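Working notes, structure below.
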Number of protein chains: 2
Amino acid sequence: MNEISSKHRLAVVLVSGGMDSCVCAAIAHQSYSLAFLHVSYGQRTESRERTAFDAIADYYQVERRLVARLDHLRTIGGSSLTDPAIPVDQADLERNEIPISYVPFRNAHLLSVATSWGEVLGAQALFIGAVAEDSSGYPDCRPEYYEVFNRLIRVGTRPETHLDVVTPVIRMRKSEIIHLGNKLGAPLHLTWSCYQNGVRACGRCDSCALRLRAFREAGIVDPIPYGDD
Amino acid sequence: MNEISSKHRLAVVLVSGGMDSCVCAAIAHQSYSLAFLHVSYGQRTESRERTAFDAIADYYQVERRLVARLDHLRTIGGSSLTDPAIPVDQADLERNEIPISYVPFRNAHLLSVATSWGEVLGAQALFIGAVAEDSSGYPDCRPEYYEVFNRLIRVGTRPETHLDVVTPVIRMRKSEIIHLGNKLGAPLHLTWSCYQNGVRACGRCDSCALRLRAFREAGIVDPIPYGDD
């Protein structure tokens, strides 16, 4: 397939504003026209993530943008990301249990919005920047989860709909994702990973710790500022 | 299992305000404590359905109630239920294709909210009143869809979460659902099925036609009023 014909295909990309989804967008951009989906669910970092989403969408000149609000995830709670009464964990990258930042069944909500939108737009692919290893311990970031979700799309949509969830970075280490992003010209300087909602990233939460370790392993300087506001 | 111990188990029941979910609530009420979930997604009949939801919840004295708003389903459109520019079909119960009232991938959104809430509440079951035959032709109302969704819950939630989607009326005819509801004392007089948002049900849309045919088959008089407002 040459590049011109391949661009007639459309992909919905879930863009949180973080590095992994930014690199997913860069990958999708090679072969698809893009539609960007952002989901706000009452997470602590909502406004900062939305700023990053818009910046990345502007960078790729994406016109089809959808921002979905899932306020009930905050009402339901059960996670340090959505319940202000639950403190953000300090980093413990050796921990084996599911972290308190796990938002119960969150990715099914995100993928359901992407699937509904993708079905109406006639898209062929849904890109999500889930990472299984070197990462979060979230049950809904594992490859087998996406295999089952793809079966759900096949049984739960119109017969003429042919949509697949694509997880191009799921088996990569964070440092590999950074290398790939650099190679593809992904705007990592526009991304936000911190679980706090400051102007600068805190550098101490799980997500900052993972990001900083990954940039160190990649031998690349993280282009975003860190430190107390 | 005796009735007292069984009531220590908790079920989330998806209650649209229609007959099928009302009868599901009556079934769940036999063995579980209840939590009622209603989802508004910009459907034409939103306010009328919400009234029915509250009436049924009051009837069963349910304290745990969650109303989730999924406004993006209206933004996404693609259905006569969510897009005012698409007319409501006149009834054609012999049609084999997927009707225009199909909201793309809707039930995944509903079940995702139910699963997240159920996981946080520590529920054991999610009841949904999907009906495969004698009904809608929606792809996400078929038994195989729920088998796959249950696999998704198993791979996508905490290891200690043991939640199953239960579809007690999925293989029943509508007339059988009415008979069962009558037997269990389900408040069918409080339900709403019509795809229009009037004070009286229109009696002409797909959903009214199915309901009226089912009451005729059951040999029972539908307790709700019909006719032009």
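Since every read-out is calculated from the coordinates, none of them should be taken as a lab result. The shown structure was predicted, so the numbers you read here are calculated from the model rather than taken from an experiment. Using ideal geometry, Cβ is built from the backbone for each residue, glycine included, and neighbour counts are taken over all protein chains shown.
Overview of results
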quantity	calculated
Under 5 Å, built H, 5+ apart or other chain: amide partners of B:PHE127	B:VAL12, B:VAL13, B:LEU14, B:VAL166
Taking A:HIS162, B:HIS179 and counting other C-beta atoms within 10 Å, the order from fewest to most	A:HIS162, B:HIS179
Selected from B:ALA35, B:ALA186, B:ALA55 as most flexible by GNM, with chain B as the system and alpha-carbon contacts under 10 Å	B:ALA55
Rh (Kirkwood; distinct C-alpha pairs) - the range A:187-229, Å	10.5 Å
Centroid-to-centroid separation of the range A:181-198 and the range A:96-117 [C-alpha atoms, Å]	20 Å
Distance from the range A:128-176 to the range B:57-86 (C-alpha centre basis), Å	27 Å
Label point 7 Å beyond Cα along the C-beta direction, distances from B:GLY198 to other copies (nm, shortest first)	6.1
Spherically averaged projected area of the range B:142-229 from its Cα convex hull (nm²)	7.6 nm²
Angle between chain B longest axis and helix B:106-121 axis [Cα atoms, degrees, rounded to 10]	30 degrees
Chain B: angle of helix B:19-29 to the longest principal axis, Cα-based, in degrees nearest 10	20 degrees
Dipole in debye (nearest 20) - the range B:3-218, about Cα centre, beta carbon charges: Lys, Arg +1; Asp, Glu -1	300 debye
Label distances, nm, B:TYR226 versus same residue in remaining copies, Cβ-directed 7 Å point	6.9
Extension gain, B:VAL155 back to B:GLN61 (0.36 nm per residue minus Cα-Cα distance, nm)	30.5 nm
Shortest-first distances to equivalent copies, position A:ASP58, nm, label 7 Å out along Cβ	5.1
Cα-only radius of gyration and Dmax that characterise the range A:36-126, units Å	15.1, 43
Zone of A:ARG200's modelled label, taken as backbone nitrogen in the range A:206-229 under 16 Å from a point 7 Å along Cα→Cβ	A:208-209, A:212, A:222-229
Computed over the protein assembly as shown, Cα set: Rg, Dmax in Å	23.1, 76
Antiparallel DSSP beta bridges within the range B:3-218, as percent of all bridges there, nearest 5	5 percent
Helix axis angle, A:143-156 relative to chain A longest principal axis, alpha carbon, degrees	40 degrees
Rg/Rg_ref, the range B:3-218, where Rg_ref = 2.2 N^0.38 Å and atoms are Cα	0.97
Cα-centred dipole magnitude for the protein assembly as shown, charges only on beta-carbon of K, R (+1) and D, E (-1), debye, nearest 20	20 debye
Neighbouring partner chain Cβ atoms per residue of A:75-85, average, 10 Å criterion	3
DSSP beta bridges in the protein assembly as shown [antiparallel fraction, %, rounded to 5]	5 percent
